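Enquirer: Before I ask anything, let me first share the structure, which is written out below as structure tokens.
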Amino acid sequence: MLMKARIRGIYSQSLTQIMLQNHFEMVQPTPEVARRFGLPYRSEIPDVDIWDRSDLQGIVAIAYESVLTRLTDVLRRRLGGVITRTPRVAKSSVYRGIVQGRDERTGQTRVDLGNISGLLPDRGFQRGEQIMVQIRAHDYGRKSPVLSSSITIPGQAAVLLPEPVVRLSTKIKDQDSRKDLLTLGYKIREHTENWGILWRTAAEKLTEEELRNEVDDLLDTAQQVYNMYNDLNGAGLLFEGTSNADIEFPSEVKDALDKTRAKIKPTITRHHFYKSAGYTSLVDLIELIIEERPEERSYLTSKLDKIVSRDLPRLDESINIEHVKLDGRNIVLARGRITEINSQGFVIRRQFRHTNRKLKLVQDPTESVDVISDEGDYALTQVVPGALTLVTDYYSRNGQIKGTYVNVNTGVEVYPCNGNSPGRIRYIDLEIDVVKAPITEKPRIIDQHLLKRAVQRGFITKEMADQSHSKAQDICDELTTVTGD
């Protein structure tokens, strides 16, 4: 069965090309996409909604879990190392929960949902009490999902609310549409008992009959949810909501998207990188000219490179390091300064206080060992754009090397300065690393359990994990050979 998708943003043309070839159909396409692919305008409600992440490093997709799984499989098959983060429980899902008691860290009520527990801000519940709850916020990373005891029943064009009101999405701007929907809502409200109605953006495109039918279906769903709650023994799912998938595109995936887009229309090298770096208008202008004057391609791309290079970090300038974890956390490491520029890239120097902790000198993490603070220690990191590792040597204040730390990651990207913010390098940490510390010891691979956990959570595939582990083993062997151990 064909799935309907609506796509917006800087990746829309490449993704449209991929999805049309993999049993998706486009609805509500932008004029540019419709023209490029010869698509008619269709106003149907999509099964999956896709748009750019706020930092332009990938996309956000909203759909039911089965649709997101299918989308992820297609993207990974066509593009390779896509990083996917989906919550363990879907937003708006309704559960029969069992109160576990007060959570000591947050002071909120912890509720068992069956396969996971969540936090309910409400208090006053007794341990063992059964309660109907709904997911209000996702559980990306390590956080527990946030729950509510106020239940809504969401549909594609309407949402049943637990109070007798009629409301409209703020995205519905047309005054005539707003008036008509409010009038219809109050008519329907007379027959919904204590349920209120929220009209979603999609309601503006549907007929009165279609809207009435949707509300009737939602009322039936609500009744089924309450029947299941009464019949179910123990904690469990009563109603599945839609999930938000956070899908990140590392450097290698952006390159693959460039090649896909190049089959549709003229595309400069590093098209998606430049757009994610904030040069969208300039890239669009250059590609528009190239489409009409292809003989000017080399000249125009060289000018773009020159413009971007003016904004890139320079010698003696500050630079940030964005160390992105597979669970989505964006850790900005201690700011450094560029001390050398060479044919491969450049060197960043950073000052430290707790070098021993950074080098993970203690091999057994369960040991209780005091960490020595060496004021004045520093690190030199060799940055090679596109490299799948980041090599850092740590030194004492008197210049004696203490150890080497090799981070295994996706391709390193170098981003330009932005206003008052310094330039930055960015990569996604693939968890597994190689450490040689103290410098006299043999190198060792660390954090392999984190790589395994990332596969279990679905952030990466087992194939990607195996490639990372193989890379780490090669580095370990190389360090052993170089030092003659």
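The values are calculated or read from the model by the stated rules, or taken from the named source; none is laboratory data. What you are looking at is a predicted structure, and each value in this text was computed from that prediction instead of being measured. Please note: Cβ atoms are built from the backbone with ideal geometry, for glycine as well, and neighbour counts cover all protein chains shown.
Enquirer: Going through the range 303-344 one residue at a time, which ones are farther than 15 Å from Ser421 by Cα, free of Cβ contacts under 8 Å to residues at least 60 places away in the same chain and among the small types (Gly, Ala, Ser)?
Expert: Result: Ser309, Ser343.
Enquirer: Hey, Arg310 hits all of (1) modelled with pLDDT of 95 or more; (2) part of a helix (DSSP H, G or I) but one; which does it fall short on?
Expert: (1)
Results for (1) within 18 Å of Asp246 (Cα to Cα); (2) buried (at least 20 other Cβ atoms within 10 Å of the Cβ), shown as yes or no for each residue.
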position	(1), (2)
Pro31	no, no
Ala34	no, no
Gly38	no, no
Tyr41	no, no
Leu56	yes, no
Ala63	yes, yes
Ser66	yes, no
Ile83	yes, yes
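Enquirer: Going by the conditions given, is Ala137 surrounded by fewer than 18 Cβ atoms within 10 Å (Cβ to Cβ), in contact with a Lys or Arg (Cβ under 9 Å, 6 or more places away or on another chain), among the small types (Gly, Ala, Ser) and not assigned by TED's automatic domain parsing to the domain that holds Val60?
Expert: yes
Enquirer: Related question: I'd like the full set of residues that are under 24 Å from Ser149 (Cβ atoms) and small (Gly, Ala, Ser), limited to the range 196-234.
Expert: Of everything in the range 196-234, those that are under 24 Å from Ser149 (Cβ atoms) and small (Gly, Ala, Ser) turn out to be Gly196, Ala222, Gly234.
Enquirer: Same structure again: Inside the range 147-167, can you point out the residues that are in a strand (DSSP E or B) and more than 14 Å from Ile188 (Cα to Cα)? So that I can check it myself, show each step before the final result.
Expert: Restricting attention to the range 147-167, the residues satisfying the condition of being in a strand (DSSP E or B) are 147-148, 153-154, 158-161, 166-167.
Within the range 147-167, Leu147, Ser148, Ile153, Pro154 qualify.
Enquirer: If a residue must be within 15 Å of Thr269 (Cβ to Cβ) and not hydrophobic (A, V, I, L, M, F, W, C), how many such residues does the range 281-295 contain?
Expert: So the answer is 2.
Enquirer: Any idea which residue in the range 56-70 is nearest to the chain's Cα centre (by Cα), counting only those that are at pLDDT 95 or above and assigned to a loop (DSSP other than H, G, I, E, B)?
Expert: Gln57
Enquirer: Can you tell me how many residues in the range 276-296 are without any contact (Cβ under 8 Å) to a residue 40 or more places away in the chain and either surrounded by 17 or more Cβ atoms within 10 Å (Cβ to Cβ) or in the same structural domain as Arg350 (by TED's automatic domain parsing) (or both)?
Expert: Matching residues across the range 276-296 total 5.
Enquirer: Would you pick out the residues in the range 216-275 that are in contact (Cβ under 8 Å) with a residue 60 or more places away in the chain, of a type in the set (Gly, Ala, Ser) and surrounded by 14 or more Cβ atoms within 10 Å (Cβ to Cβ)?
Expert: Across the range 216-275, the qualifying residues are Ala222, Ala235, Gly236, Gly241, Ser243, Ala245, Ser251, Ala256.
Enquirer: In the range 396-485, which strands (runs of 3 or more DSSP E) lie fully inside it and hold 2 or more residues that are touching a strand residue (DSSP E or B) at 6+ places or on another chain (Cβ under 7 Å) and hydrophobic (A, V, I, L, M, F, W, C)?
Expert: Of the strands (runs of 3 or more DSSP E) lying wholly inside the range 396-485, those with at least 2 residues that are touching a strand residue (DSSP E or B) at 6+ places or on another chain (Cβ under 7 Å) and hydrophobic (A, V, I, L, M, F, W, C) span 401-409, 423-436, 444-446.
Enquirer: Can you tell me which of (1) under 27 Å from the mean Cα position of the chain (by Cα); (2) part of a helix (DSSP H, G or I) is the one Glu322 doesn't meet?
Expert: Only one criterion in (1) under 27 Å from the mean Cα position of the chain (by Cα); (2) part of a helix (DSSP H, G or I) is unmet by Glu322, namely (2).
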